[in-house]
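Notes follow the structure.
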Amino acid sequence: MSGHSSWPEWIYVGVVIALMVWVGAEAWNAERLVDHIPEDAEVIKVTGQQWFWSFEHEDGTKEIGELHVETGKAYKFEITSKDVNHSFNIHDYVVLMDAVPGRVNTVWFAPTEVGEHDIQCREYCGLIHYNMRGKLYVEEPSS
Amino acid sequence: MKKMIVLFLVLAVMVIVPVMESAFAAGDEPGKYLDRRVIIWNLFFKMMTVAFVVGAVVSGTIIWQCWRFRESNPKAKPTPYEGTDWSN
């Protein structure tokens, strides 16, 4: 266009593209880090059903409504449901994954400090959904 | 104009190549123990910083434009596009 300089517009376009690329790369990288399960993570099978959570450790130990883990270890949850959709949530550790019948979803975490944390269902799953809770006990390593 | 295009091509390559390299390298290394709370909070913090800076720049530019090009601004002069014949 005559009598009109377009360089500020090109700079604007460049800045917008650079920002979008950067935002996308940062988000992608964070997702990659969070999704990347350590090789030595211990598998815990998590089953949701109306209206409680049950857990099965690698050694066959089963727990209902409560889960005992140790600091310094990584745990991979394999989450499924027996009836309707639930969502497995450990709020304090930002663990959140849907429990869907006929499907196994995975999420992992590595607890760092000894303590007790709430486990809850985060997908409305019926009358007693509000009380579909559990307790996570993070303990010192036994060995 | 050609210089600008070349400049932006160079900048684009400088940004895109490292991202592509890390993208193709992902998955090769074993997963590390990390605190997902820290990763997620850091991402949130960075995104919010960008969002507020961009928001401030954009809204600041709009406010400045409204002030600078208001009809009552003594510096406002009609352009040929608006017409310079004000007698009618």
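The values are calculated or read from the model by the stated rules, or taken from the named source; none is laboratory data. Quick caveat: nothing in here was measured; it's all calculated off a predicted structure. Quick reminder, even Gly has a Cβ in these numbers, built from the backbone with ideal geometry, and neighbours come from all protein chains shown.
Return a yes/no flag: does the stretch A:21-32 have any residue that is within 14 Å of chain B (Cβ to nearest Cβ), of a type in the set (Gly, Ala, Ser), surrounded by fewer than 12 Cβ atoms within 10 Å (Cβ to Cβ) and in a helix (DSSP H, G or I).
Taking the stretch A:21-32 first, the residues within 14 Å of chain B (Cβ to nearest Cβ) are A:21-32.
Subsequent filtering for residues that are of a type in the set (Gly, Ala, Ser) retains A:24-25, A:27, A:30.
Of the ones still in play, those that are also surrounded by fewer than 12 Cβ atoms within 10 Å (Cβ to Cβ) are A:24.
With the extra rule that they be in a helix (DSSP H, G or I), the set shrinks to A:24.
For the stretch A:21-32, residues within 14 Å of chain B (Cβ to nearest Cβ), of a type in the set (Gly, Ala, Ser), surrounded by fewer than 12 Cβ atoms within 10 Å (Cβ to Cβ) and in a helix (DSSP H, G or I): present.
The set of residues in the stretch A:1-12 that are modelled with pLDDT under 90 and more than 7 Å from chain B (Cβ to nearest Cβ) comprises A:Met1, A:Ser2, A:Gly3, A:His4, A:Ser5, A:Ser6, A:Pro8, A:Glu9, A:Tyr12.
When A:Ser87, A:Ser142 are checked against the criterion of being touching a residue at least 12 places away in the same chain (Cβ under 8 Å), farther than 30 Å from B:Val15 by Cα and surrounded by fewer than 16 Cβ atoms within 10 Å (Cβ to Cβ), A:Ser142 stands alone in meeting it.
Looking only at residues of the stretch A:38-51 that are buried (at least 16 other Cβ atoms within 10 Å of the Cβ) and either aromatic (Phe, Trp, Tyr) or at the interface with chain B (Cβ under 7 Å from one of its Cβ atoms) (or both), we find that the one that is nearest to A:Met132 (Cα to Cα) is A:Trp51.
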